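The structure appears right after this line, and notes come after that.
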Amino acid sequence: MAREFEIQVNGKASRVHAEPDTPLLYILRNDLQLNGPKYGCGLAQCGACAVLANGKPVRACMVPLEAVGKTEITTLEGLGSPQNPNPVQAAFVKHNAAQCGYCINGMIIAVTGLLNTNPNPSDDDIKQALRHHLCRCGTHMEILAAAREAADMMAGASPLSSPLGEKVAEGRMRGSPSGVENRDFHD
Ligand code: FES
Ligand code: FES
């Protein structure tokens, strides 16, 4: 039976009236008009719906409303704005790391979550964090470059200074439109 819930989203309390097992993703999109998180698979397999729960990425399609409690939920909208993006959002814009953009919410949330717990990730750490986020368009190399630059920016290092950054540049020089040779985050 539907009832009232109070949840904390993007730094403020929101009251919603819904069935307890309603996926958090539906609440965010339909009740709170936060459309950064996307519906992709609904099965925790694509990552398009990711949000931060107390700073850690979770898949909102699999979180029932009744399980949210006092957890602080942060969506893409809560990270920054077009006028004041967070470093990860700014790096994704700089690297044009989107074609259709459907996966990008999950990618940015995953990278932000990684940097919350590991401010100096290796290239392998970045690939691991993005491993289960799907991108059908094939912007993997731009996404990796943006993630690398965001990590470097937050660490105060110069961008594209890592082996991963060099690999991106090398891919571009070979004439591949996006430097992509396989559609995955594997080596
Ligand atoms: S929609 Fe949630 S993981 Fe695909
Ligand atoms: S940019 Fe289209 S799915 Fe990734």
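What follows is calculated from the coordinates using simple rules that are stated; it is not laboratory data. Just so it is clear, the structure is predicted and the values come from calculations on it, not from any experiment. In this analysis, Cβ positions are derived from the backbone assuming ideal geometry, glycine residues included, and neighbour counts consider all displayed protein chains.
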Env charge @ residue 42, Cβ radius under 14 Å, K,R +1 / D,E -1, value +2
Karplus-derived 3J(HN,Hα) from phi for the stretch 65-72 (6.51 cos²θ - 1.76 cosθ + 1.60, θ = phi - 60°), whole Hz, x at Gly and Pro, runs 3, 5, 8, 6, x, 9, 4, 7
Per DSSP, the loop-located trypsin sites (Lys or Arg not before Pro) within the stretch 1-109 having at most 16 other beta carbons within 10 Å are 70
Relative contact order of the stretch 1-125 (C-alpha contacts under 8 Å, at least 6 apart) in percent is 25 percent
Share of Cα-Cα pairs in the stretch 1-100 beyond 16 Å, whole percent, is 57 percent
Taking 0.36 nm per residue of separation between residue 124 and residue 3 and subtracting their Cα-Cα distance, the length gained on full extension comes to 39.1 nm
Karplus ³J(HN,Hα) for the stretch 23-34 (6.51 cos²θ - 1.76 cosθ + 1.60, θ = phi - 60°; Hz, whole; x = Gly/Pro) runs x, 3, 4, 5, 5, 4, 6, 8, 8, 9, 6, 9
The set of residues whose placed amide H lies less than 5 Å from the amide H of residue 72, leaving out same-chain residues fewer than 5 positions away, is 54
Sorted by chain and number, the residues with a modelled amide H under 5 Å from that of residue 86, at a separation of 5 or more or across chains, are 80, 81
Residues 17, 95, 140 in order from fewest to most other beta-carbon atoms within 10 Å are 17, 95, 140
